[in-house]
Every structure is written in structure tokens, then in C-alpha cells.
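Only one structure is covered here, and it is reproduced in the block below.
Read-outs: derived from the displayed coordinates by stated rules, not from any lab. Just so it is clear, the structure is predicted and the values come from calculations on it, not from any experiment. Note that we place each Cβ from the backbone using ideal geometry, even for glycine, and neighbour counts take in every protein chain shown.
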Amino acid sequence: MFLKNSWYVAANDHEVGRKPLGRVLLNEPVVMYRKEDGTVVALEDRCMHRHLPLSMGKLDGDKLQCHYHGLQYDGAGKCVRIPGQDMVPPTAKIRAYPVVERYHWVWIWMGDPALADPAKIVDYHWLDDENWGARTSYLHVKSNWQLIVDNLLDLTHLAFVHETTIGNSALVDNASVKVTRGPEEVQVTRWIVNSPAPPTFVKAGGFTEPVDRWQIIDWRPPAFIRLDVGATPTGTGAPEGKRVGGIEMRNLNAVTPETENTCHYFWGQAHSWDAKNGALSDMLLGQIQMAFLEDVAVFEAQQKNLEMIKNPPQLDINADTGVIQARRIIDRLHADEMAAIQRPQAAE
Ligand code: FES
Ligand SMILES: [Fe+2]
């Protein structure tokens, strides 16, 4: 199940250039390229003639030429040239998707183009804010996209999946947790006060004494999860809103379904201290990437079981509160989308 009427991250900005890039998004083949003036185009990756992916073709100025028999399409998806004939039928057109380049990512709207409002793009400004140091990365994951949302909304797994990197048992045993929900958002706040810092935090912040650590998870549909995480020495006032003498980061995730069973996992890590220190940005990205590979092993193993055993009964625990709220919102939005599609048909 996918929500179509949403912006999604389709690519990192540096992936899209003058060589067509083909990528499947929400079960639809899409081809992206840059026009000569640098603007990004996203079209259906299928030639009208005999269905070859246009990403196998090449650019002629701003036009994309099919590799097979040379049909050419403009940036709006209109066929503008058919070799060997003067007449191009007006119906020769493929789908063009609205795209916006923002925060070093290329965003695409997969649903009704009339609803594509760039103001609805979720804020990821930390990725290109000069007051923050940041790096982005990408993982291809062989699992349904919702397994990643579940994972990021329940960080108790850090104590088990990531015990050698970003986790420790204090995360589960000493945490105070609050879950809040709006019509289209869920926030999970965890405070772990007066506890030892985990290995990555010791490496990044040089902590030798206990810390007050926070994890504030903000989810927006379908799969945007922004984590505000950090720690300060215990007793310096972080729980009351005073963040001094410690470290503060944003872990920024945007998951885009590829198929029902695979997804594109775009993510970045930003840090507020020493913003110009590229080596620090690289180190943090490397540490988190190591942890994320531990997560990917979990997602892909879950997915295998879910494909073998359809709809198995499952147990919910207290830690799932945020996960359940988010799933309810997604189900409601999906039902709304389906109802909106069916309404005009019913009226016919
Ligand atoms: S399949 Fe594209 S031109 Fe024939
Ligand atoms: Fe994880």
C-alpha cells in the first residue's frame, strides 16, 4: 500500500545529471535527468512506442531520445520527434511528474499533479544549513517501507540491535517516554537522565561522566522521520530546555517505496557543533551507517518471514504506541485517497 498524494525523495541531487537515471518509485518506472539549464525533469520511464525504458536512451539538448527507434520526448513528456515521419500524433505523450530540488534531494510528487504543492515538502533544512555540518547517504532495502518507519518510531531497539554503537540498556530501563499525536504527525519523546553515554556519544562528545540524553522523534506521513538526539552532562539543564556542553544532532530519514517489498532509504546526519569540520561529519555518518546496516539486516529478515507467512498474528507491546498511532494515520490517509479515487467513478 502506498500513499500517492505525497512528496517523496526520488534521488540525491548529485545522482541526477545529463545521463538519464532510471528508478522505480511506488511501482512506477521513472526516469530523471537535468535540462541544459540544470532543472530536473522526471518522466515515465517507458517509451510510448514499444515500452523500452527511456533511461536506456540519451539526451539531445533538453529532449530525451529512446534507445530503440529514436523517438524523442520533451521535458513535459510530449513526443516531439518520430524518425521517418513528419506527423507526431498529439496523443503521443508520457507522464511527467512534478519535481522540486530542495535540501540536496530531488523531490517528486507521485499522485494527482493538481495537488502538488511545494509548501507541503517536509522541512529538512539541517541538510543545507551553514550552521550545521551534514552528510547524506542512501541504502537500498529489500523490505516494505513501513518496517523502517516502525523501527525509527521505536528506539528501544537501540539497546539490542545497536548495543555496540549507539545503544545501551539505559535506553530501555531508565527512559521516560511521551507520545503525542496530531492529525498528521506523531512525536515520541524519550529522556534518559543521569545514565552512561553510549559508545558513539563518548566518541563524538568525549563524555566521561553520566549524561542526560534525549531522543525526540518526529514522524510525518508517509515515511519522514526526523530525530532530534543528543546529550549533555547530567545536571546542566537539558530536560528544562538548556542544551549546553554536550552534543546535538539530527538524524534525518526519508523512505520512498520502490515496490511493496523493497524501498529506497534516503537519510542524512547533521551536527550542530563544529559545523565546518568535514572529518567530524564523515565520522558521524560512518558511525550511523554502521548502525543502519544492522537495521537493514533486521528489515530484510522480517520481510522474508512476512512473505512466507501472510498476515501472521502479532503482539503489540508498550513500546509500540508511536508505531501504532502512525500506522492508524497512514491507514486513514490511504482510505481517504481510495475514496477520492472512487468518488468520480461512482458519479459516472
Ligand atoms: S521503443 Fe522507443 S522508439 Fe521504439
Ligand atoms: Fe536502528
For 304-313, 76-85, ranked highest to lowest by mean beta-carbon neighbours within 10 Å, the order is 76-85, 304-313
Scoring only Lys, Arg, Asp and Glu (+1, +1, -1, -1) among other residues with Cβ under 13 Å from the Cβ of Q303 yields -3
Packing-ranked peptide list from 138-148, 263-273, 315-325, highest mean Cβ count within 10 angstrom first, is 263-273, 138-148, 315-325
Quick calc, the chain, dipole around Cα centre from Cβ unit charges on Lys, Arg (+) and Asp, Glu (-), nearest 20 debye, gives 640
With N151 itself left out, Lys, Arg at +1 and Asp, Glu at -1 over residues whose Cβ is under 11 Å from its Cβ give -4
In Å, the Kirkwood hydrodynamic radius from C-alpha pairs for segment 37-184 sits at 19.9
With no solvent term and unit scatterers on the alpha-carbon positions of segment 211-348, Debye gives log₁₀ I(q)/I(0) at q = 0.19, 0.21 Å⁻¹ of -1.32, -1.43
One point scatterer per Cα, no solvent, Debye formula: log10 I(q)/I(0) for the chain at q = 0.07, 0.10, 0.13, 0.14 Å⁻¹ comes out as -0.35, -0.68, -1.05, -1.17
With +1 on the Cβ of every Lys and Arg and -1 on the Cβ of every Asp and Glu, the dipole magnitude of segment 131-333 about its Cα centre, in debye rounded to the nearest 20, is 320
By Cβ neighbour count within 10 Å, fewest first, T256, T165 rank T165, T256
Total charge of the residues flanking A92 in space, meaning their Cβ is under 12 Å from its Cβ, with Lys and Arg +1 and Asp and Glu -1, is +2
Over 23 Å (Cα to Cα) among K19/K63; K178/K276; K19/K78; K4/K142; K35/K93; K4/K120 -> K178/K276
If each part is reduced to its alpha-carbon centroid, segment 7-47 and segment 56-73 end up apart, in Å, by 14
Taking the dipole of the chain about the Cα centre (Lys, Arg +1; Asp, Glu -1; charges at Cβ), the one of L306, N174, N261 that reaches farthest to the positive side is N261
Here segment 7-119 gives, from Cα atoms, an Rg and Dmax in Å of 13.6, 44
Asserting the computed 222 nm helical MRE of the chain (DSSP H runs at least 4 long, -39500 (n - 2.57) per run, divided by residue count, to nearest 500) equals -7500 deg cm²/dmol
With +1 at each Lys and Arg Cβ and -1 at each Asp and Glu Cβ, the charge dipole magnitude of segment 7-119 around its Cα centre, to the nearest 20 debye, comes out at 340
Here, trypsin sites (Lys or Arg not before Pro) of segment 200-260 satisfying both criteria (DSSP loop; at most 11 other Cβ within 10 Å) are K242
